[in-house]
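Report on one structure; see the data block that follows.
The values are calculated or read from the model by the stated rules, or taken from the named source; none is laboratory data. These numbers were taken from a predicted model, which means no experiment stands behind them. Virtual Cβ from ideal backbone geometry, glycine too; neighbours counted across all protein chains shown. Ligands, DNA and RNA are excluded from the accessible area calculation, which covers all protein heavy atoms including side chains. Shrake-Rupley method; radii C 1.70, N 1.55, O 1.52, S 1.80 Å.
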Amino acid sequence: MDSNLKNLLSQYDQSHVLNFWEELSADQQRDLELQLQSIDFEELKGLINQAFHKSESSIDPDSISPLQNSICLPESEKDREKWTHARERGHQILDAGKVAAVLVAGGQGSRLGFDHPKGMFPIGPVTDRTLFQIFFEQLLALSNRHGVRIPYFIMTSDATHEETESFLQEHSWFGYPQEDVFLFKQGTMPAVDDKTGKILLSDPSTIAMSPDGHGGMLKAMQRANLFEEMQKRGIDYLFYHQVDNPCVSMCDPAMLGFHEEQGAEISTKVVAKREPGEKVGVLAEVDGKQSIIEYSDLLEEMAQDYDETGRLKYWAGNIAIHVMNRSLLEQLATGDSRLPVHVAHKKVPFVDESGKQHSPDEPNAYKFERFIFDAIPRAKNPLVIETSREEEFNPVKNAEGNDSPASSQAALLARAHRWMKIARYNCDENAKIEISPLIALEPHDLDNQFIESELAGAKIVLSPNSSDEVD
């Protein structure tokens, strides 16, 4: 054991993690030492203090007020002109090669009964296209359309990294240039006992580590030299999305255009809440700064408050889609400007001093994580842009019911029918239609795709090199 590390453990009263040192193999000792070297003990000391002295109070309701800077879906001709102009500007930004995309893909599909990285989940209503394939095909279509290379940064985790990489290699990165795909691992932080503040061991040779949240993406990107990669490629904007939403419009030109026109450092897409009690974070102002308010921090009477137009005052539901300036993210990645750490009280399996394994029935530990949306109140001119829930937010989160594979596939089918109707194709209402992003990124891309104007039957697949025949 490195003497400096041993002294560090003693200094921070964490020497107990070496209780089983003499019983470990050389490989186990090396692995444990590497884990310990990855921990910032001074930061951890402050977080433990934060956990033990955290206030249980919610955000002061008097500090919360409705959004001030938002762009809603177009209703008038003037609105539509504004959106058209933003979309044109966004296409220019893409043409200039100033955009990269980042995917947060560290989660497993456990809640879906799928024991693999969630990005591997088959969601195509006809072809079983995976979430990964849908995203890669979108980026490939965009890259081809704009004649640029859009780097794709994919944040994995210890649990998903190897299988994700193997899966993408097996499928030849779905036709995307391998040199434009960058897999990088999410960071981790140790879990500590909620009574003593001592680091927990999951087994005699392993620290109980947990992912440090999607906000840990910034430090992980810096560690992987991805900001340098962006600088080298002349990229100013990063499009952020999560792995569970197959309907996301990646690198949306309108969003990019509005973002630049408004001089925003971060823009966030939202959908109108279905009803006042929907359990979703909302975009609002806290002490005059745009922020995301957890539904539990919004008083019931505030959630049910309507404005003079009949719209909920707190209407803007967060769907975890952002455009962010590279310069802002670089600033927030390190030092005193880093995103704040949130404390979560969780159940964490551990071994005690005798080496006995415990699986607690109640929360026994504190975990620490950062959230990317904490960048919003730190950004200049943060902007909110409304999108259609039907078009762009149909995630796969639950095994059944809302936000399930069944509801997401139904939404993909309904969207395909809408697009075909807009493109003036007459489809049997019972037809199962799946449209590859390589065929269309929006309805008007379907113009002149077929000689036939009548399509009917039980199954239609619109993919490159497919026959588009009815089964």
Round to the nearest 0.05 the FRET efficiency obtained for Leu5 and Ser202 when R0 = 22 Å and r is the Cβ-Cβ distance. 0.65
Label-point gap, in nm, between Gln50 and Ala410 - each point 7 angstrom along Cα→Cβ: 4.1
Please compute the alpha carbon radius of gyration of segment 1-106, then divide it by the globular-protein estimate 2.2 N^0.38 Å. Two decimals is fine. 2.05
The extension gain from Asn402 to Asp95, computed as 0.36 nm times the residue separation minus the Cα-Cα distance, is 106.8 nm
Taking the Cα centroid of segment 268-345 and of segment 122-186, what is the distance between the two, rounded to the nearest whole Å? 29
Output wanted: per-residue J couplings in Hz (rounded whole) for segment 411-419, from phi through Karplus 6.51 cos²θ - 1.76 cosθ + 1.60, θ = phi - 60°, x for Gly and Pro. 5, 5, 5, 4, 5, 4, 5, 4, 5
Quarter of the surface of the C-alpha convex hull for segment 49-123, i.e. direction-averaged projected area in nm², equals 11.7
Cβ charges +1 (Lys, Arg) and -1 (Asp, Glu), total dipole of segment 236-292, debye: 280
Of the listed links Lys269/Lys421; Lys6/Lys185; Lys185/Lys346; Lys195/Lys367; Lys45/Lys198, those spanning more than 18 angstrom between alpha carbons are Lys269/Lys421; Lys6/Lys185; Lys185/Lys346
What order do you get for 281-293, 410-422, 129-141 when each peptide is scored by the mean count of other beta carbon atoms within 10 Å, highest first? 129-141, 281-293, 410-422
Rounded to the nearest 5, the percent of DSSP beta bridges in the chain running antiparallel is 60
Residue farthest toward the positive end of the dipole of the chain, with Cβ of Lys/Arg at +1 and Asp/Glu at -1: which of Val271, Val126, Ala375? Ala375
What distance in nm separates the simple spin-label points at Ser354 and Asn426, each placed 7 Å from Cα in the Cβ direction? 8.0
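Give me the 1.4 Å probe accessible area per residue for the chain, excluding ligands and nucleic acids, in Å².
47
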With a 1.4 Å probe and every protein chain kept in, tell me what percent of the accessible surface of the chain is carbon plus sulfur. 44
Just tell me which aspartates and glutamates come within less than 16 Å, Cα to Cα, of Lys432; anything on the same chain fewer than 8 places away is out. Asp128, Glu454, Asp468, Glu469, Asp471
Please enumerate, by chain and number, the aspartates and glutamates with C-alpha under 20 Å from the C-alpha of Lys380, excluding those fewer than 8 residues away in the same chain. Asp236, Glu260, Glu261, Glu265, Glu285, Asp287, Glu330, Asp336
Label points 7 Å out from Cα along the Cβ direction at Lys78 and Gln178: separation in nm? 5.5
Packing-based order for 198-210, 173-185, 93-105, using average beta carbon neighbours within 10 Å, highest first: 93-105, 198-210, 173-185
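How far, in nm, would the chain grow between Lys346 and Thr309 when pulled straight, counting 0.36 nm per residue and subtracting the alpha carbon separation?
Full extension of this stretch gives 9.1 nm more.
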Based on the alpha carbon coordinates of segment 92-203, what radius of gyration and maximum Cα-Cα distance (Dmax) apply, in Å? 17.4, 57
Tell me which label goes with the value of Kirkwood radius over Cα pairs in Å computed from the coordinates here: (i) 23.2; (ii) 26.2; (iii) 24.3. (iii)
Check which residues have an amide H placed less than 5 Å from Ile321's amide H, if you skip close sequence neighbours. Lys269
What translational diffusion coefficient, in µm²/s and rounded to a whole number, does the Stokes-Einstein relation yield for segment 344-414 at 4 °C and a viscosity of 1.567 mPa s, taking the hydrodynamic radius as the Kirkwood radius over Cα pairs? 77
